[in-house]
1. Compute log10 of I(q)/I(0) for the chain with the Debye formula, placing one identical point scatterer on every Cα and leaving out solvent, at q = 0.13, 0.22, 0.27 Å⁻¹, to two decimals.
2. Which angle between 0 and 90 degrees, to the nearest 10, do you get for helix 45-61 versus the longest principal axis of the chain when only C-alpha atoms count?
3. Which value at 222 nm does the chain reach when only helices count, each DSSP H run of 4 or more adding -39,500 (n - 2.57), with the total divided by all residues and rounded to the nearest 500 deg cm²/dmol?
4. Express in nm, to one decimal, how much length is gained between residue 54 and residue 11 on full extension, taking 0.36 nm for each residue of separation and deducting their alpha carbon distance.
5. Taking Cα atoms, how many degrees apart are the long axis of helix 2-23 and the longest axis of the chain, rounded to 10 and kept between 0 and 90?
6. For residue 4 paired with residue 45, estimate the spin-label separation in nm (one decimal), with each label point 7 Å from Cα along the Cα-to-Cβ line.
């Protein structure tokens, strides 16, 4: 049950943070260059949330660190 909760939480955070990062690409239409937009995206909280959620999601799905023999 705990793994299901972690899966749903990390999946939700991943979807929300990637969605916000995609919305930040609209700054390109305001005249900013690609390098400025990507530098801004790398320094946002959503980027770090996406990385953390991806790590948790991979560890839950790929079964890292769970020992079922005990």
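1. Scattering profile of the chain, log10 relative to I(0): -0.47, -0.88, -1.11.
2. 30
3. Roughly -22500 deg cm²/dmol at 222 nm, from the helical runs in the chain.
4. Net length gain for the segment: 14.7 nm.
5. Value to nearest ten degrees: 10.
6. 3.0
Readers should treat all values here as calculations from the given coordinates under stated rules, not as data from a laboratory. This is a predicted model, so every value here is computed, not measured. Here the Cβ is made from the backbone with ideal geometry for all residues, glycine too, and neighbour counts use every protein chain on show.
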